Each structure stands twice: as C-alpha cells, then as structure tokens.
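What follows draws every value from the coordinates through simple rules; no lab data is involved. Computed from a predicted structure; not experimentally measured. No Cβ is skipped: glycine too gets one built from the backbone with ideal geometry, and neighbour counts run over all protein chains shown.
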Amino acid sequence: MKTVKIGLLGLGNIGTGTYKTLEMNRDEIESSLGVKLEIVKILERDTERDRGITVPMEKFTSDPDSIFTDPDIDIVIELLGGIEPATSFMLKAMENGKHVVTANKAAIAANYQALMDTAAANGVLLRFEASVGGGIPILTSLTGPLKANKFEEVMGILNGTTNYILTMMTQEGLDYETALRDAQAQGFAEADPTADVEGIDAANKLSILMALMFDKYVAPGDIPTIGITKVTKDEIEKARQDNCRIKLIAHAKKLDNGDVEYAVKPMYIDENHPLAGINREFNAVFVKGNAVDELMFYGKGAGPLPTGSAVMGDVMDIVRTALK
Ligand code: HSE
C-alpha cells in the first residue's frame, strides 16, 4: 500500500488531538483511503511534555525548512496557531508543492487571499475545515452540498470558550475567572484567551464564513466586535428573568441592495430559540440559503479531538482528491 507522508507543525493541544485521532482510528482511515498515512516530522520544541501519546523522538525537529524541503512529504498540517510564523510557513509549504491543512482561523482570516492565491498558483490544495466550528463540517457543507444556493444569512455561536464561560456562569453560578480557567484547562481557549473573550476569535471565523458564503472578504479587524468581558452575573440573571440567555453571536446578513451587514456581540436570545440551548463548548451555525432555506449545524466547536477530527477529515479529502 502506498504511504502518504505528513509533516506536522505544532504538537500543542490541537496537534496532539490530531495525532490521537489518527492513532485511534488508523485502521479505519487507512482502509477507507487505501493508503497508509505517516506523520514523519513534527516541528515542536517541547519534546518532554506528557501528552498521553507516544511519539518517537526522531520525528521531532526544530527546523521548519527540513519539512518544507523534504521531497517525501506530501501534506503539511499547520497547527501552530497565531498569524505568524504560521502564515509564512503555510506559504512556504505550498510554494514547495505541499498540500496544506490548517485549523488556524487567525492566519486564514488575516491572509485569506494570499493563501488562496498561493495554493492556486502552485497547484496544491489548502483545506481549513477545522478553523470554523471545530468538529462541525460547516465549510465543506457551504462549499460542497450547499454551493447551489445564494446565501442570505449566517448566525452562529462560533467560540467554544466564551460559550463555555457563559454557560457555567448561567447554569452553575461560577464566576467569570473560574469558568475561564476551566475552559483553558480543557484545551478550548487560545494560548492568549484575550482573542476568545474579546470576540476576536469569533470575528476571525465570521470573516472566513463571509468570504465563502458571500464572496466578500472583510478583515476581522473591520468587523464590529464586542466580547463577553463586560457581561455581568446580574445581566445574566436579568436575561434569565426575561426568559432569555446571553450568547456571543456572530452575525452576517445580505441586504436587498447587495451589501452585507455584520457584527460579533453578546445578544439576548429567547430561551425558545434553538441557539439558546447551545451550551458549554458546543457551537452552532445557523445558515439561510435561497434554495435550501434554513439549516442549523451543531457540534463541539473547540477541543483537541473534535478539532483533530476535522483536521484529519481534510487530510483524507486531500488524499482522495490529489494523492491517489
Ligand atoms: N479558542 C477557540 C474556541 C478554539 O474556544 O472556540 C476553537 O477554534
């Protein structure tokens, strides 16, 4: 059986979740593809951390170029997070003929066109399903089975950390700091959770959704964004008395004149609305298309294994499309 070789950039929470997903389901993945998959090199400085997996020491490297220039590597998985050096690494990998899979919403949203153009110019595939909604296959659905639609609206709970914090403050009476620490401990939060709690992470994801749904690129910094840091326990209680829940909502809507309006902000959601029942690290994306009408996607939007599932799904898609 042919072996497809993979270079992995980053063995943090998501890198570990991806590695575990492959190890856990290797037999099913490989027999479905009819090829073997091997992660041959891992760019990671911390070789000592106990990740609950066994990684042969010889796979670790501290030299990214040794991955980009390795003629045997077919696919590079970028799971470093952050805009740089992740963007430069992805560009370099594609310029060297590697297909790229990433979960990095910050890098994709910041450099959407450059990354897409580089993939096209080099005849390689760039896949980023895991960048929006963690394990939810939202991007593949929008660009595949739903592509026959003109999209009218998207409304989503797109950040697991903030949804976890709001849920814990609402249901368990936890204070903000304790709930945030919990979310960090479970691997939901970004390395710097400011991006989560200030709504920046949700804005990155909304930027990607708008590019794919409305063919309209809006830089995340140009999306009006309010996070959850100023949401108080009193406001949460007041919402509950009004039969509502406070949720951090990312919203974009196509107007009759063709413009798109968009924002990320905490909103009161009626307790009977489907988005009000989305709790903990779960995400939900409500989409309206002119043919399909209303759809809602629901699943774990953060966490190592749900995100690893989406990353490996992209890897498998690349193997099927380009490497068999
Ligand atoms: N920090 C992100 C979240 C991870 O909490 O949703 C998934 O993108």
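Can we say Gly277 is surrounded by fewer than 17 Cβ atoms within 10 Å (Cβ to Cβ), under 30 Å from Lys20 (Cβ atoms) and either within 23 Å of the chain's Cα centre (by Cα) or among the acidic types (Asp, Glu) (or both)? Criteria met by Gly277.
For segment 197-217, residues that are more than 13 Å from the ligand (Cβ to nearest atom), assigned to a loop (DSSP other than H, G, I, E, B) and touching a residue at least 60 places away in the same chain (Cβ under 8 Å) total 1.
Selection of segment 112-139 for residues being surrounded by fewer than 21 Cβ atoms within 10 Å (Cβ to Cβ), in contact (Cβ under 8 Å) with a residue 60 or more places away in the chain and more than 16 Å from Thr87 (Cβ to Cβ) yields Leu125, Pro137.
What is the number of the single condition among (1) touching a Gly at 6+ places or on another chain (Cβ under 7 Å); (2) within 23 Å of Lys324 (Cα to Cα); (3) within 16 Å of the ligand (Cβ to nearest atom); (4) not aromatic (Phe, Trp, Tyr) that Arg127 does not meet? Arg127 satisfies every listed condition except (1).
Look through segment 285-309, keep the residues that are among the β-branched types (Val, Ile, Thr) and crowded, with 17+ Cβ neighbours inside 10 Å, and return whichever of them is nearest to the ligand (Cβ to nearest atom).
Looking at the filtered set, the residue picked out is Thr307.
Look at (1) crowded, with 20+ Cβ neighbours inside 10 Å; (2) within 16 Å of the ligand (Cβ to nearest atom) and you find that Ile246 fails only one, number (2).
Condition check: in contact (Cβ under 8 Å) with a residue 40 or more places away in the chain, more than 16 Å from the ligand (Cβ to nearest atom) and not in a helix (DSSP H, G or I). Does Leu142 satisfy that? Answer is no for this residue. For segment 145-171, the set of residues classified as small (Gly, Ala, Ser) and within 14 Å of the ligand (Cβ to nearest atom) consists of Gly156, Gly160, listed by residue number.
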